[in-house]
Structure formats: C-alpha cells, structure tokens
Amino acid sequence: MRFPCFAVITAVLVSGCSSAPPTTPVNDAFAADIRQPEGPSGISTQPGWNGRKFAIASAHPLASAAGLAMLQAGGAAVDAAVAAQMVLTLVEPQSSGIGGGALLLHYDGRATVAFDGRETAPAAVSETLFIKSDGQPMHFHEAVVGGRAVGVPGTVRMLEMAHAEYGKLPWASLFEPAIRLAEDGFAVGQRLHTLLLADPHLRKDPQAAAYFYGRDGQPPAIGSTLRNPELADVLRRIAGDGSRALHVGEIAQAVVDKVQGHPDNPGTLSLADMAAYQPRRRSPICSRHTPRAVAPPRSYVICGFPPPASGAIAIAQILGILDHTEAPALAFSDPLWMHYYGEASRLAFADRAQYVADPDFVTAPGGDWQALISPAYLAERARLIGPRSMHLASPGTPSAQARSQAPMPEQVEHGTSHLSVVDGYGNALALTTTIEDAFGARQMVRGFLLNNELSDFSFIARDGRGTPIANRVEPGKRPRSSMSPTLVFDAQTGELVMSGGSPGGALIIHYTAKLLYATAYWGLGTQQAIDLPNFGSLNGPILLEEKRFAASFIAALQARGHAVREIPMNSGLQAILKDAGGYAGGADPRREGRVMGE
C-alpha cells in the first residue's frame, strides 16, 4: 500500500499534542541525559527542489552555493564537496571543519567506495584517558573542554585523497569561495547566533572568545558581518600545499601547542601524530531491501559506511528486522508500526554496543561484518519481538565465535553536518563531517575549531569483570561513529536512487532510517520524508520529537509497555532523490540547509 496523504497523516499525529499524557518515568541514567548535539534554532519551511543536471544539498546556503559554483564550472561531485566543506568550516563552525573528521561515500557510476577521514587517537593515550583519580569516569564536558579529547584531524587529508582520484578541477580553485568569504565576511545567521548565545564553554578560550564574542560577552547580532582572516590564511596555505600545510609545520605546531598547553585539561596530541595521519579507503556495507507492501514492487540496495561507523549496520538491521514483522503493511500513523520500529532499534543498538569499533583493532563477528545483517540472523532477531516492549535488548550471536569483549554502556554522542552531491558525469556522494560536540573542544587555532572526537570512545575501558570493551581508547584507533552517509541504488538496474544523511549524534541512525523507510516503503518524496516527525530508541525509551505526536499515539505505545520520552530532535537531513524528471532534493526545516542545482 502507498502511504496516505502526508497532510492527513501529519494532522493525525499532532492532534491533541497539547494534552498528551505524562510520559513514563525512566530511571536509566543515560536516558535521563538524552540531549541533542546542537540546540534548536527555529523551524523554517523548506519547499523542496527539482532539477535535471546536478545538485548539492548542504547544511548552509553559502556552502551549497560554493558547491554549485564548482558544478557549474565543470567540476565533479567531490570538487563540490571540498568547496562546500571549506565554507562550512567558516559558516557552521559548531558542526564541522578542517579541525575534525569526515566519512565520504562515493559512487563513480560503476562502483562505490568509502573514504575514511575519521580522527585517530594520539600515540600517547591510554585506555584510562577519561577516568578520574577516584576511579570514576569523567562527566562529558569535563572531558571535552580542553585538549584531552582532541583527536588527529582527518577531513582535509581524506578529501585530498578522494579529490586525487575523482576530482576534475584544480585543488586550489576549490578553496576560493571559502577564502573570499573568510576575508570579506559572511552574515551571521540565526542558528549560529543562537548556539553561540547558549554555549557555556566557548568563551573560556581566549581566541574563540575574541572571534565569536564582543567585549560585552555577547555573540554578533543576526545579520552582522563576521570576518575570519586567520582562517583565510590557513585555507590559502592548504590550497597551495595540500594537506601537508595542516599536518606538518607551523599550523600543526600551533594545534599541538594548543592541545598540550591547555591550563586545566591538556591532551597528548603531538607533531608526530599530526604528520602520521593517513585516511583509509574501505568497502561499503550494503544490504538489499524489497518493500513488500509497495506496488509495483521495487528492490533497493542500500549502501553505507563500514566500521568504525556503526550507522550502516544498525540501519540495515532495523530495516531488515522490520521486514520480518507486520511493519511493511502499516502506516506511520499507526502506533503498532512505532512499536515494531522501537523493538527493532533496541536489538540493533544492543549489537552496536557489543560489536562495532575500529576494524583495525576489532574483529567482526565470524570475521565478516555482513554476519550482523544476514537475512537469517535478522529473522532470528525479529522473532524476539512480541506484542509488548522488551525494554532492554541483549546482543545477539551472529556467529559461532565466542564473544571476547564486553558491551559498551550507551553514552551521549554529539555533532556533525551532512552534504549530498550528484554531478553531471554520473558521480554521486554522501559526506558526513564532524567536530563532535557543538563547537568541538572549544579550542580555536588560526581561525578554526578543534574536535573532541576522542569522547566518542567508551569512557569506561572494561566491564566489572575486566573484559575489554570494543570501542575503548587505544593509541592510533578511530572512535566508533554514528555517522551514516548513505547511497541507495535500484537492485535491478544498479542505477543511483538517492544520496542522503544527517547530523545528530547517535540519533543520526534513526534520522537516516526515517528518510530511507519513508521514501522506499511509503513512497514519500524527499522533502516530505524529511519533514516527518523524528523518533527512535537507543535501547531505552522510545524517543519522540516533542509536540509532534498526538496524546492517543503516545498512550497506545505506553499500553504496550513502552517508556516514552518527548525531546527536541534536531535532525539536519539532506537528500537528493533521482526521479523520472531528474533530481528531487530536500533539506531539513529544523536547520538552515539548502538544495541548489540546475
């Protein structure tokens, strides 16, 4: 069946929200601290977009404009992505930048490859990095603010690797829009102003305070011009000398000095760490799905990023488990569909906590990550779902190999930005990019912010019996990520169907799954799918976007034993869908992204 009229479903979901019953109290310590990486900054209606030749969807209009300029100049998708990312470093500093990492999924018309620019832990770290002298783990911002959680940045070197293989325009030309904007200035938007106003830590860094705040301690007004000549200089050097300008020499020394010299919370990042960083080229994780309630039937191959990313496996598990339930025959407005989704999510997140980490350090179950998404294993997991909530799922056993690690306790994850591009040559990409928490480690160097990605490792290295946790801190290791850049293909023809992804910490997985399910199973367009209310579960309560679900909907979930939490869920979905007329793009109304193209 096709999904009913979008407007009708929206009315069903939100009707009576003002009288929703109190949600079930949750005693779980993590559930009590569920929060989004970045706070809300308002809703702006997005009309969607249609074009025929090429398109870019990014988190900021100026970044999309920079990418579009590259496409119009004859550039490839990766050229547009580099240009957009450099502009995002300037205009969306809370989310991503050259001081962080990124995961790029690229399709060249024949094959899909994953470029891993995830940050790495410095050589001098130990697994007790986030343990205090009393033996207890640090609180999140106690660990994050300063140099302790700064990992070796990987974005620039990864983009350089991808550009060398797939780029068409000269490397230096891709930096021109960002350099010009940094020198001439850009208008501060509502989102940056709102997040600067709310952040309690950024003012503690003298360089950040001088750039982002006035003498009165207030951020620049909305619409005022903000210039960043220091960043322009750094970008000009990278444009001329490549990633070496960031990883070796004066700029690298400035980064190391900032990290090691923090007065209260220093880190161990060294010049040797900076120089030694190398991106990885990996094979994507792909799974096949055939929505059985859609007519005419169509099969899809959904490809995502492999470990150290966890999103592709979790999404494939959620969708695959749902295929073994009644869910494909149900509409979004039916609480029974949400019951199935919540249970499938618990099962997926239990496996994520048990198994997923940097593959250079951790072996996949049975030696193959595909074991976690095999149809037989997902059918077995789906049989655990009953009419009432299981509350807390346990990890499964996808292979006969005995478990050698302990599951990671769930902890808060943060930041990120996403952009999708299709060009006129048959290339497409999905790029998710991050500095982790909003404004990262709150440490500014030469006009850009440093990441706090090491806090994506488990703060606790071992369980109570001393069994190591897969995603523990180790030298040179890449922390597990929820980033979920995704490319979708027609299983029969092999043609690209969609590129998409989102920011949002651990909830990235659910935001991206929503996009995929709504377009493939319910037949919604990209913008309609993005506009749907957000939801998910991290193997705890069902999380619902606040003020978007009716009282009767919540009560029906509670009647099945679910704890329900209504929270802000500030996704930043960007997507480009290939249709009969060309391309249809969508951007999340919860942020300020924009789709542009021809």
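The values are calculated or read from the model by the stated rules, or taken from the named source; none is laboratory data. Here the structure is a predicted model, which means the values were calculated and not measured. A quick note on method: Cβ atoms are made from the backbone with ideal geometry, for glycine too, and the neighbour counts reach across all protein chains shown.
Quick one: which residue in Arg472, Arg478, Arg446 is touching a helix residue (DSSP H, G or I) at 6+ places or on another chain (Cβ under 6 Å) and modelled with pLDDT of 95 or more? It would help to see each step written out before you state the result.
Details: Arg472 fails: touching a helix residue (DSSP H, G or I) at 6+ places or on another chain (Cβ under 6 Å); Arg478 fails: touching a helix residue (DSSP H, G or I) at 6+ places or on another chain (Cβ under 6 Å).
That would be Arg446, the only listed residue that is touching a helix residue (DSSP H, G or I) at 6+ places or on another chain (Cβ under 6 Å) and modelled with pLDDT of 95 or more.
I'd like to know if the range 77-84 contains one or more residues that are among the small types (Gly, Ala, Ser) and closer than 18 Å to Gly189 by Cβ. Checked against the condition, which is being among the small types (Gly, Ala, Ser) and closer than 18 Å to Gly189 by Cβ, the range 77-84 yields at least one hit. Of all the residues in the range 150-200, those that are crowded, with 17+ Cβ neighbours inside 10 Å and under 24 Å from Asp437 (Cβ atoms) number 22.
Do we have any residue at all in the range 546-561 that's of a type in the set (A, V, I, L, M) and either closer than 14 Å to Gly48 by Cβ or within 18 Å of the chain's Cα centre (by Cα) (or both)?
So the first thing to find is which residues in the range 546-561 are of a type in the set (A, V, I, L, M), and the list is 550-551, 554-557, 559.
Next, from what is left, pick out any that are either closer than 14 Å to Gly48 by Cβ or within 18 Å of the chain's Cα centre (by Cα) (or both): none.
Checking the range 546-561: not a single residue is of a type in the set (A, V, I, L, M) and either closer than 14 Å to Gly48 by Cβ or within 18 Å of the chain's Cα centre (by Cα) (or both).
Scanning the range 556-583 for residues that are surrounded by fewer than 23 Cβ atoms within 10 Å (Cβ to Cβ) and closer than 14 Å to Val422 by Cα yields a total of 3. Look at the range 181-208: where a residue is closer than 19 Å to Leu450 by Cα and a partner is of a type in the set (Asp, Glu), sitting 6+ places away or on another chain with Cβ atoms under 7 Å, you get Leu195/Glu38.
Applying the criterion of being β-branched (Val, Ile, Thr) and in contact with a strand residue (DSSP E or B) (Cβ under 7 Å, 6 or more places away or on another chain) to the residues of the range 64-95, the residue that is surrounded by the fewest Cβ atoms within 10 Å (Cβ to Cβ) is Val91. Is it true that Gly342 is within 30 Å of Ile554 (Cβ to Cβ), modelled with pLDDT of 95 or more and in a loop (DSSP other than H, G, I, E, B)? It is false that Gly342 is within 30 Å of Ile554 (Cβ to Cβ), modelled with pLDDT of 95 or more and in a loop (DSSP other than H, G, I, E, B).
Within the range 92-101, not a single residue is assigned to a loop (DSSP other than H, G, I, E, B), without any contact (Cβ under 8 Å) to a residue 12 or more places away in the chain and in contact with a helix residue (DSSP H, G or I) (Cβ under 9 Å, 6 or more places away or on another chain). Scanning the range 472-510 for residues that are touching a strand residue (DSSP E or B) at 6+ places or on another chain (Cβ under 8 Å) and among the acidic types (Asp, Glu), which turns out surrounded by the most Cβ atoms within 10 Å (Cβ to Cβ)? Once the filter is applied, the top-ranked residue is Asp490.
For the range 261-312, the set of residues classified as surrounded by 14 or more Cβ atoms within 10 Å (Cβ to Cβ), charged (D, E, K, R) and touching a helix residue (DSSP H, G or I) at 6+ places or on another chain (Cβ under 6 Å) is empty. Apart from one condition, Phe212 fits all of (1) modelled with pLDDT of 95 or more; (2) under 24 Å from the mean Cα position of the chain (by Cα); the exception is (2). Listed conditions (1) within 16 Å of the chain's Cα centre (by Cα); (2) farther than 30 Å from Tyr583 by Cα; (3) at pLDDT 95 or above are all met by Glu413, apart from (3). For the range 212-230, the condition of being under 24 Å from Pro170 (Cα atoms) and outside any loop (DSSP other than H, G, I, E, B) holds for at least one residue.
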